[in-house]
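Shown next, in structure tokens, is the structure this report addresses.
The values are calculated or read from the model by the stated rules, or taken from the named source; none is laboratory data. Because the structure is a prediction, the values reported are computed rather than measured. As a convention, Cβ positions derive from the backbone with ideal geometry for all residues, glycine included, and neighbour counts pool all protein chains shown. Ligands, DNA and RNA are excluded from the accessible area calculation, which covers all protein heavy atoms including side chains. Shrake-Rupley method; radii C 1.70, N 1.55, O 1.52, S 1.80 Å.
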Number of protein chains: 2
Amino acid sequence: MEILKNKDYTLDNEQLARFAKAMGHPARITILQFLASLDCCYFGDIHNELPIAKATVSQHLKELKEAGLIQGEIETPKVKYCINRENWEKAQVYFETFFALKKEKIGCCTAP
Amino acid sequence: MEILKNKDYTLDNEQLARFAKAMGHPARITILQFLASLDCCYFGDIHNELPIAKATVSQHLKELKEAGLIQGEIETPKVKYCINRENWEKAQVYFETFFALKKEKIGCCTAP
DNA sequence: TTTGTAGTTCGCAAAACTACGAACAATATT
DNA sequence: AATATTGTTCGTAGTTTTGCGAACTACAAA
């Protein structure tokens, strides 16, 4: 018998993990926060908010884009970034649902 | 003049990123979900839910513990894990607050 | 005392992440 | 045509993550 460990992760869990991972760096949290409060702005504005080189900022933006949380649009010679509303709300629901799992239960480890 | 780039990340953003990072892997999401719905259980139960070796499970548990999302307690010869309620709720508030930033605004990039 | 059970820790390898400067692309300006 | 502006991409370096098997710890039972 070969490897038959078929217990894969659910797609929902993988999606939630993907969103969480994208948020797993202070620079990316800062970017998202900035965009969420400003609605949208140019690369330079984002770079100004951060203590890192532009190449690194560009990389973080790419990751956020790949996770679907933001979108970019060329407005020569600048690039305008903004929150991807659809996925932002999707992520919000994912996290809400996740945290709602633990509601008013009395557990066996209520202390420390 | 030396390096004076003093624009650090806020503690809140670092904390949120830390929580998000801990949630940034499907195995860890699955563990948290399992614990949240069960309240608490032993290492073996968690290992049974996952398609990975016990050494790897142990590592993921360690990370979740370090992020403060779970806690473990020795109950020889087993180890009982459960959600760390206090920090779970803290994390929940962090995420809620974060996503609430983008409410009903009309932005300049409403479309893809 | 040997054996079992339940997990953790160690050591390793491969891959991914974070960061940077330099080089590049695309357009606008001189 | 040369220069400037705005970002992206490339190449590199160091660190961290993920995963595993093997060795180890701690206690209980035979």
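The number of residues in the stretch B:50-62 that are surrounded by fewer than 18 Cβ atoms within 10 Å (Cβ to Cβ) and assigned to a helix (DSSP H, G or I) comes to 6.
Once the stretch B:31-41 is narrowed to residues that are in a helix (DSSP H, G or I) and more than 7 Å from chain A (Cβ to nearest Cβ), the residue that is farthest from the chain's Cα centre (by Cα) is B:L38. Considering only the stretch A:18-30, I want to know if a residue exists there that is under 19 Å from B:F99 (Cα atoms), more than 7 Å from every other protein chain (Cβ to nearest Cβ) and open to solvent by 50 Å² or more (accessible area, probe 1.4 Å). Checking the stretch A:18-30: at least one residue is under 19 Å from B:F99 (Cα atoms), more than 7 Å from every other protein chain (Cβ to nearest Cβ) and open to solvent by 50 Å² or more (accessible area, probe 1.4 Å).
So for the stretch B:70-84 (the condition being open to solvent by 60 Å² or more (accessible area, probe 1.4 Å), within 13 Å of DNA strand D (Cβ to nearest atom) and under 30 Å from A:A53 (Cα atoms)), does at least one residue qualify? No; the residues of the stretch B:70-84 include none that is open to solvent by 60 Å² or more (accessible area, probe 1.4 Å), within 13 Å of DNA strand D (Cβ to nearest atom) and under 30 Å from A:A53 (Cα atoms). Just one of the numbered conditions (1) open to solvent by less than 10 Å² (accessible area, probe 1.4 Å); (2) at the interface with chain A (Cβ under 8 Å from one of its Cβ atoms); (3) within 16 Å of DNA strand D (Cβ to nearest atom) is not true of B:F95: (3). Residue check: B:Q71 meets all listed conditions (1) out of contact with any Pro (no Cβ under 7 Å at 6 or more places or on another chain); (2) facing chain A (nearest Cβ under 9 Å); (3) among the polar types (S, T, N, Q) but one, namely (1).
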